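Report on one structure; see the data block that follows.
The values are calculated or read from the model by the stated rules, or taken from the named source; none is laboratory data. Keep in mind it's a predicted model, so treat the numbers as computed, not measured. Quick reminder, even Gly has a Cβ in these numbers, built from the backbone with ideal geometry, and neighbours come from all protein chains shown.
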Amino acid sequence: MSAVNGSLGAAHLAQQLGPWRGADGTARGKSLQTALAERITALVLDGRIAVGVRLPAERALSDAAAVSRTTVTAAYALLRESGFAVSRQGSGTYTALPDRTAAGLTGGWHDSVRGDHVIDLMCAAPMAPLPEVQAALRCAAEQLPAQTGIADFMPYGLDALREAIADRYCARGLPTSPDQILVTAGAQSAITLVGRLLLRPGDRVLVEGPSYPNALDTFRAVQARLVPVPLDGDGWVPGSFEDALGQLRPRLAYAIPHFQNPTGHLMDPDREASLARAARRAGSWLLADETVTDVALDVPAPAPFATAIRAVDSESVLVCGSMSKSFWGGLRIGWLRGPARIVHELAAARAALDLGSPLLDQLVAVAVLRGDEAHLERQRDRWREQRAMLMRTVDELFPAWTYRVPEGGLSLWVRMDREEATGLAHRAQTHGVLLHSGPRFGADAGTFERYIRLPYALPPETLVTAMHRIALARAVPGPWQAAEHRADLVA
């Protein structure tokens, strides 16, 4: 199977290959071995086959794909020559990535190209709803004098905020007490704390392919071994996560069940319960990232992840959330919901990271959570308008690009008509646009070279300008591309 770093079944690979040759059995002017090798390469680059997976035995794939064994043998040889496969003595042939492809994994922030003229599509977070922010700030300022007598550092978070978050979980159908809540400086801080507390070098972490890049960076930082479970066009492949948990028994599984970042897929409650049960059987921790749960555009906001598994022993299920997507990216308040004992251990461990979240920000968060949700509906209306404008512009400028319309979340996961994500991201910088290329979202360096993430968190006119700049970057060589060309000539 392709979901884990194990073996890929011949029948499953034959199904994934799709229509790689014509009805007459030919490969449209190419040799069959070349077409087969190119198709397997594309599946690896798209992240649909993980790196390090053992390919089927030659005879088994020959039977499943209805080609000669000689064709399969030659295709595997081409994969090895191009760096997309390696052979291990007595063990078989495994998928791989060539060094030049792995070098395409880039991320981080680019201060050198920032400025008023630059459009930032790297951050999929909403702009400030100014009237609501101002109202919450006034409320926080009124409450501030009453807080001056408490300790400056609150490793668990402000009591009033922990209560507000717990009450919100209760209102959404999941009984929660304040001692199950740890307030953090955004959801990323919660993920980082979990990684530092629960993981040790060499521990396996099961992640989606693709997934949230900053979470992947967190797990890499503690030297965990990332194991991607590829998503397909419909989201989570039935049984894939459960099978991976059962086979690998990872220390931690990390999933984004609601409007998954970057694909926008929504996990149904039955799948959530199945995933939680599989994690319990495997003895694994499960961290569900609900950062974008409230960004529901075409469906009602999902119930909390843990609601579906209340009948299951959920002591190993952790849930993180944040104000950054549903309210404003500049409000760096997040939280983690989990067993009280884990909350206590995380609070004790956070001293090496920070000593607590800013008091004023926490008071602002209380005001927002205790207020009505009319602001959220207004935000959703804006996001729908921005999403529609982005889709129209992409369809107009890039008719060969494809995407699935997400039911929620703040971005499109776009499949381009050729593998150029890393190069396009570099060239876009020279035209005043910052964007993440597909490989940034892969656990395996160099995958998803045919994909880019396009957020629709900015005003419609800004999104149109950004896409026109990307079109120009794609059509006209920029300084980065010219430098690359000069380097090739020197070489």
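Below, the figures for the structure above:
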| item | result |
| --- | --- |
| Counted residues, the stretch 60-88 - those being under 34 Å from the mean Cα position of the chain (by Cα) and of a type in the set (Lys, Arg) | 2 |
| The stretch 388-410, subset small (Gly, Ala, Ser) and buried (at least 19 other Cβ atoms within 10 Å of the Cβ), residue farthest from the chain's Cα centre (by Cα) | Gly408 |
| Meets criteria (more than 17 Å from Val292 (Cα to Cα) and surrounded by 24 or more Cβ atoms within 10 Å (Cβ to Cβ)) for Leu197 | no |
| Filter result (more than 20 Å from the chain's Cα centre (by Cα) and of a type outside the set (D, E, K, R)) within the stretch 185-205 | Leu197, Leu198, Pro201, Gly202 |
| Test for Ser189: is it in the same structural domain as Asp289 (by TED's automatic domain parsing) and either farther than 21 Å from Arg453 by Cβ or in contact with an Asp or Glu (Cβ under 7 Å, 6 or more places away or on another chain) (or both) | yes |
| Unique match (being surrounded by 15 or more Cβ atoms within 10 Å (Cβ to Cβ), among the hydrophobic types (A, V, I, L, M, F, W, C) and at pLDDT below 85) among Leu78, Leu55, Leu36, Leu105 | Leu105 |
| Residues satisfying the stated conditions in the stretch 356-393, i.e. over 20 Å from Arg168 (Cα atoms) and not in a helix (DSSP H, G or I) | Gly356, Pro358 |
| Some residue of the stretch 413-420 being under 26 Å from Ser322 (Cα atoms) and outside any helix (DSSP H, G or I) | yes |
| Some residue of the stretch 431-452 being at pLDDT below 85, touching a His at 6+ places or on another chain (Cβ under 9 Å) and surrounded by fewer than 17 Cβ atoms within 10 Å (Cβ to Cβ) | no |
| Top-ranked residue of the stretch 360-387 - restricted to ones that are among the basic types (Lys, Arg) and buried (at least 16 other Cβ atoms within 10 Å of the Cβ), ranked as farthest from Leu121 (Cα to Cα) | Arg380 |
| Every residue from the stretch 264-289 that is in contact with a helix residue (DSSP H, G or I) (Cβ under 9 Å, 6 or more places away or on another chain), under 19 Å from Ser322 (Cβ atoms) and in contact (Cβ under 8 Å) with a residue 40 or more places away in the chain | Leu287, Asp289 |
| Residue ranges of helices (runs of 4 or more DSSP H) in the stretch 15-91 with at least 1 members under 25 Å from Pro439 (Cα atoms) | 32-45, 69-82 |
| Residue list for the stretch 3-33, restricted to those being modelled with pLDDT of 85 or more, of a type in the set (Gly, Ala, Ser) and in contact with a Pro (Cβ under 9 Å, 6 or more places away or on another chain) | Gly9, Ala10, Ala11, Ala14 |
| Gly90 within 30 Å of His12 (Cα to Cα), modelled with pLDDT under 85 and in contact with a Pro (Cβ under 9 Å, 6 or more places away or on another chain) | no |
| Answer residue from the stretch 456-476, given it is of a type in the set (A, V, I, L, M) and closer than 11 Å to Leu397 by Cα and is surrounded by the most Cβ atoms within 10 Å (Cβ to Cβ) among those | Ile470 |
| Segments classed as helices (runs of 4 or more DSSP H), wholly inside the stretch 122-200, with at least 3 members that are touching a strand residue (DSSP E or B) at 6+ places or on another chain (Cβ under 9 Å) and either without any contact (Cβ under 8 Å) to a residue 40 or more places away in the chain or over 28 Å from Arg382 (Cβ atoms) (or both) | 159-171, 187-198 |
| Within the stretch 329-359, considering residues that are more than 17 Å from Ile165 (Cα to Cα) and charged (D, E, K, R), the one surrounded by the most Cβ atoms within 10 Å (Cβ to Cβ) | Arg350 |
| Residue in the stretch 409-428 that is at positive phi and either touching a Phe, Trp or Tyr at 6+ places or on another chain (Cβ under 6 Å) or in the same structural domain as Pro230 (by TED's automatic domain parsing) (or both) present | yes |
